[in-house]
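Below is one structure; the comments refer to it alone.
The values are calculated or read from the model by the stated rules, or taken from the named source; none is laboratory data. As the structure is a computational prediction, the values presented were derived from the model and not from experiment. A quick note on method: Cβ atoms are made from the backbone with ideal geometry, for glycine too, and the neighbour counts reach across all protein chains shown. Only protein heavy atoms, including side chains, enter the accessible area calculation; ligands, DNA and RNA are left aside. Shrake-Rupley method; radii C 1.70, N 1.55, O 1.52, S 1.80 Å.
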Amino acid sequence: MKKIAVLTSGGDAPGMNAAIRAVVRTGIGLGAQVYGVRQGYQGLIEDLIQPMGARDVGGIIQVGGTVLGSARSKDFMTPEGREKAKAHLEGHGIEGLVVIGGNGSQTGAKALDDLGFPVVGIASTIDNDLAGSEITIGVDTALNIALEAIDRLKVTASSHHRAFLVEVMGRDCGYLALMAGIAGGAEAVVIPEVETKPETLVEILSEAWARGKSNGLIVVAEGASDDCNSLYTYLKSRSEEVGYDIRMTILGHVQRGGVPTAFDRLLATRLASEAARQIVSGNHGVLVGWNKSKATCTPYEEVVGVHKPLDMRLFEMADILAQ
Ligand code: F6P
């Protein structure tokens, strides 16, 4: 292919810029002209498509977010929207598209590929919920941000003999919460994949209090069936049994806006280089992900709509280590 385009879609993830840079420079290195699409799929519909040169992606590898911008486009979810997007790409003579994004973005990518416009995806979401990639771009940075916050909260918690509920992102997936809980030394982790009764948290905290622990930490995934607010209210209502004074912190989008770690920059660069190679050579309908220490291609049929299970041995491990 002589002309390819790249876009970022869905929630931004630290490392997306490193991926854009690698697609642009690898594409150029392979002799292709590379176009950047602004505002994700919405930019395809509004024809926000411009050529990009190697210099346009200078100085961005260390910057969080995405210089191309991102969006969650409702228009692209309609068949008319996708036809319009395809027509605009073809109008520029573009033959293939690279989509950097998570679950929803790769669902859109498959739909465009099914329509006859070649697409290659790059696994990028802080949620780490995408089948076809053991780890996705942005997870490591988001996890480190969550962990830094948790470490700080534990310091103040210890000073006051308090217990903190800390909510982390992850949509319907408990990966970030589980990893933050293990690395942060949590008393308990509440995730969508496991039912945790609020009464159990009372027991866990009161036992930690009785054992003389100076602080308590419960990491709650945003997708858990009992959310952080309701758990906070419940634990407060049973504060005499709990022992600790309870506080709550919701980390929210802070986790998405960080400077990408070395791991995320390298992961993004390696996945994106591979994706550019695949699309330029004419391969499409695949997600480029990271598996067994290599960039791999997985057909969209094995990615889109496929549930990526959480390793429940890690949940059991977190439980044992909390003693
Ligand atoms: O998918 C990434 C993510 O940050 C989720 O963890 C979170 O649920 C969601 O996006 C938030 O979306 P928005 O940025 O649109 O509020």
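Let's see how each residue does on (1) at pLDDT below 95; (2) on the phi < 0 side of the Ramachandran plot; (3) surrounded by fewer than 21 Cβ atoms within 10 Å (Cβ to Cβ):
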| position | (1), (2), (3) |
| --- | --- |
| G181 | no, yes, no |
| I191 | no, yes, no |
| I204 | no, yes, yes |
| T249 | no, yes, yes |
| G252 | no, no, yes |
| R256 | no, yes, yes |
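Elements of the type helices (runs of 4 or more DSSP H) sitting completely within segment 222-323 and holding at least 3 residues that are of a type in the set (D, E, K, R) and within 30 Å of H161 (Cβ to Cβ): there are none.
Please work out if L44 is surrounded by fewer than 22 Cβ atoms within 10 Å (Cβ to Cβ), touching a strand residue (DSSP E or B) at 6+ places or on another chain (Cβ under 7 Å) and over 21 Å from G29 (Cβ atoms). So L44 does not fit the description; no. For K154, indicate whether it is among the basic types (K, R), touching a Leu at 6+ places or on another chain (Cβ under 7 Å) and open to solvent by 20 Å² or more (accessible area, probe 1.4 Å). For K154, the condition - among the basic types (K, R), touching a Leu at 6+ places or on another chain (Cβ under 7 Å) and open to solvent by 20 Å² or more (accessible area, probe 1.4 Å) - is met.
Evaluation of C173 against the conditions (1) within 22 Å of the chain's Cα centre (by Cα); (2) in contact (Cβ under 8 Å) with a residue 60 or more places away in the chain; (3) over 19 Å from G104 (Cβ atoms) shows that the sole unmet condition is (3).
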